Amino acid sequence: MTSPELPAFASDAVKAALHAIPMNATVGVRITGVGVGWAAGECPDTPPFRNHLGTIHAGAQFLLAEAVSGAAFAGAFAQHLNTAVPLIEKLDTHYVGRAVGDLTARAECNPGDLPAAHAAFAAEGRARLTVKVTVRDGEDKPVMEALAHWYLRDRPAAPAPQD
């Protein structure tokens, strides 16, 4: 079961942050939906991002998986994003088929993991969470499975101005 959508202002903020990343913009990665611990996205099939086989390059698939996993993670911790920094630690990928046509992706955290992650952040100012991602191609077949390992930490306080 999918968790609820974020309020529009929070969803728009997550999308804008990920769309502003230059590499995502270059390849055409777009976040299409964000909720509490889940996200969806897309990436068009464009000739500059095809490989030597004429299919979607693994790098474009990787960017899409990383972006949607980040959006899902951000959705899980939306209330902390003004004071905390999300960082990806690792993205385990498994390419399971040749990608033909426009890509779509779905990322989800295990909802059962969210309470412990929130408790860890409240107690220690940091938390870790994994996000499962499936990338599908234009024929709606899975072409990549990934597991993203994300980390959230309090943003360091700005130094006090010196007189």
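Ignoring aspartates and glutamates fewer than eight residues from Lys141 along the same chain, the ones with Cα atoms less than 16 angstrom from its Cα are Glu42, Asp45, Asp102.
The spacing between the range 1-79 and the range 88-163, judged by their C-alpha centroids, is 11 Å.
Once you sort the root eigenvalues of the Cα gyration tensor of the range 4-163 as a ≥ b ≥ c, which label holds: rounded (a/c under 1.5), prolate (a/b larger than b/c) or oblate (the other case)? Prolate. Per DSSP H run of n ≥ 4, the term is -39500 (n - 2.57); total these for the chain, divide by its residue number, and report the mean residue ellipticity at 222 nm rounded to 500 deg cm²/dmol. Calculated mean residue ellipticity at 222 nm is -9000 deg cm²/dmol.
Normalising the average separation of contacting C-alpha pairs (under 8 angstrom, six or more residues apart) by the number of residues puts the relative contact order of the chain at 23 percent.
Please give the peptides 105-111, 92-98 ranked by average Cβ packing (other Cβ atoms within 10 Å per residue), highest first, as a rough proxy for protection.
105-111, 92-98
Only protein heavy atoms count here; under a 1.4 Å probe, Thr104 has an accessible surface of about 60 Å². On a per residue basis, the range 31-163 carries 50 Å² of accessible surface, using protein heavy atoms and a 1.4 Å probe.
Once the dipole of the range 1-159 is set up with Lys and Arg at +1 and Asp and Glu at -1 on Cβ about the Cα centre, which of Trp38, Ala99, Val14 lies farthest towards its positive end? The residue sitting most towards the positive pole is Val14.
Ignoring ligands, DNA and RNA, what percent of the accessible area of the chain is carbon or sulfur (1.4 Å)?
Carbon and sulfur atoms account for 58 percent of the accessible area of the chain.
Determine which aspartates and glutamates satisfy two conditions relative to Lys132: a Cα distance under 15 Å, and not lying fewer than 8 residues away in the same chain. Cα-Cα hits under 15 Å: Glu66, Glu89, Asp92, Glu108, Asp113, Glu145.
By the compact-protein rule of thumb, 2.2 N^0.38 Å, the alpha-carbon radius of gyration of the range 109-156 corresponds to a ratio of 1.52.
The values are calculated or read from the model by the stated rules, or taken from the named source; none is laboratory data. Computed from a prediction, not measured in an experiment: that's the story for all the values here. Here the Cβ is made from the backbone with ideal geometry for all residues, glycine too, and neighbour counts use every protein chain on show. Each accessible area value is taken on the protein alone, full model and side chains, heavy atoms only, with ligands, DNA and RNA left out. Shrake-Rupley method; radii C 1.70, N 1.55, O 1.52, S 1.80 Å.
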